[in-house]
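Down below is the structure, laid out as structure tokens.
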Amino acid sequence: MEGRVAVITGGGTGIGRGTALTLAERGADIVLAGRRAEPLKSTAAQVEALGRRALAVPTDVTEPDACRALVATTLDEFGHLDVLVNNAGGGVTKPIMKWTDEEWQQVLDLNLSSAWYLSRAAVEPMINQGKGAIVNISSGASLLAMPQAVAYAAAKAGLNNLTGSMAAAWTRKGVRVNGIACGAIRTPGLESDVKRQGFDIDMIGQSNGAGRIGEPDEIGYGVLFFASDASSFCSGQTLYMHGAPGPAGV
């Protein structure tokens with residue numbers, strides 16, 4: 001990843017932070033985007049401590065103009081854009097009939113529309129330079145029937161399809177597009193949700209084969225694979241990274 005520039009949305013915490021540090025450790029310069037400036041600055045300082053350049057750009061990725069401005073700022077600062085990680089996302093759990101129309105739209109905008117806006121903005125300079133990689137962070141919820149997380153799951157399922165469609169459109173032009181469907185990962189969003197419901201976060205991991213939840217840097221290694229030339233013959237794939245199916249017996 002030496003000398004490459006990666007834009008990571010939701011880069012201040014959780015999977016975004018873990019991915020930023022993983023890519024920086026391998027030589028990438030990092031542009032961090034998200035709604036809150038302080039977490040972005042904190043992660044940027046950690047990237048710089050690794051000897052790489054970092055830029056924190058507070059951005060509302062649900063706004064098309066803001067996404068285009070993020071790409072323009074990256075190009076102005078670094079001169080090129082090699083990797084885009086569409087990691088911004090999140091949602092809450094509640095019964096289907098409890099959702100308002102506005103809440104439904106907000107979750108779709110954050111988890112799906114943001115990747116649509118930003119990928120279309122980023123792909124043009126990637127195509128012009130003849131090479132690039134886009135990695136979409138999806139969720140295992142996209143593969144399951146989850147009535148308590150219906151808006152989030154539906155948005156992530158759409159992201160899986162978007163990944164394949166964009167790969168079909170852009171791979172021959174030099175831009176590979178892949179995704180990662182994450183299992184339960186120790187992130188501030190998950191910690192907040194399980195606390196609100198009175199659960200123990202570590203108990204969630206007992207349902208899978210590994211017997212634990214994942215850590216953000218473990219997803220970062222998956223992003224590293226898709227962002228680097230190690231996956232040069234891989235495009236249009238969504239990799240399910242989780243702790244294996246739960247044990248059925250001894």
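The values are calculated or read from the model by the stated rules, or taken from the named source; none is laboratory data. Computed from a predicted structure; not experimentally measured. When we count neighbours, we look across all protein chains shown, and the Cβ atoms used for this are built from the backbone with ideal geometry, even at glycine.
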Would you tally the residues in the stretch 212-236 being aromatic (F, W, Y) and crowded, with 22+ Cβ neighbours inside 10 Å?
-> 1
Among the numbered conditions (1) crowded, with 17+ Cβ neighbours inside 10 Å; (2) in a helix (DSSP H, G or I); (3) in contact (Cβ under 8 Å) with a residue 12 or more places away in the chain, tell me where T171 comes up short.
-> (1)
The stretch 17-42 residues that are more than 18 Å from G90 (Cβ to Cβ), paired with ones that are surrounded by fewer than 20 Cβ atoms within 10 Å (Cβ to Cβ) and among the β-branched types (V, I, T) (beta carbon under 9 Å, 6 or more apart) = V31/T73; S42/T13
Kindly indicate whether any position in the stretch 177-195 is over 21 Å from C67 (Cα atoms), surrounded by fewer than 16 Cβ atoms within 10 Å (Cβ to Cβ) and hydroxyl-bearing (S, T, Y).
-> yes
Expected output for the stretch 209-228 (first residue free of Cβ contacts under 8 Å to residues at least 60 places away in the same chain and closer than 21 Å to A167 by Cα, partner of a type in the set (G, A, S) and assigned to a helix (DSSP H, G or I), Cβ below 6 Å, 6+ apart or cross-chain) is F225/S231
With respect to the numbered conditions (1) more than 20 Å from T9 (Cα to Cα); (2) within 15 Å of the chain's Cα centre (by Cα), which one is the sole condition not fulfilled by L159?
-> (1)
Any idea how many residues of the stretch 81-97 are more than 20 Å from the chain's Cα centre (by Cα) and either closer than 18 Å to G12 by Cβ or in contact (Cβ under 8 Å) with a residue 40 or more places away in the chain (or both)?
-> 3
Scanning for something under 20 Å from L81 (Cα atoms) and among the hydrophobic types (A, V, I, L, M, F, W, C), does the stretch 198-211 turn up at least one residue?
-> no
Somewhere in the stretch 220-235, is a residue in contact with a helix residue (DSSP H, G or I) (Cβ under 8 Å, 6 or more places away or on another chain), at negative phi, modelled with pLDDT under 95 and not charged (D, E, K, R)?
-> no
Test: I204 is within 24 Å of T163 (Cα to Cα), part of a helix (DSSP H, G or I) and of a type in the set (A, V, I, L, M) = no
State yes or no: is G198 of a type outside the set (A, V, I, L, M), at positive phi and free of Cβ contacts under 8 Å to residues at least 40 places away in the same chain?
-> yes
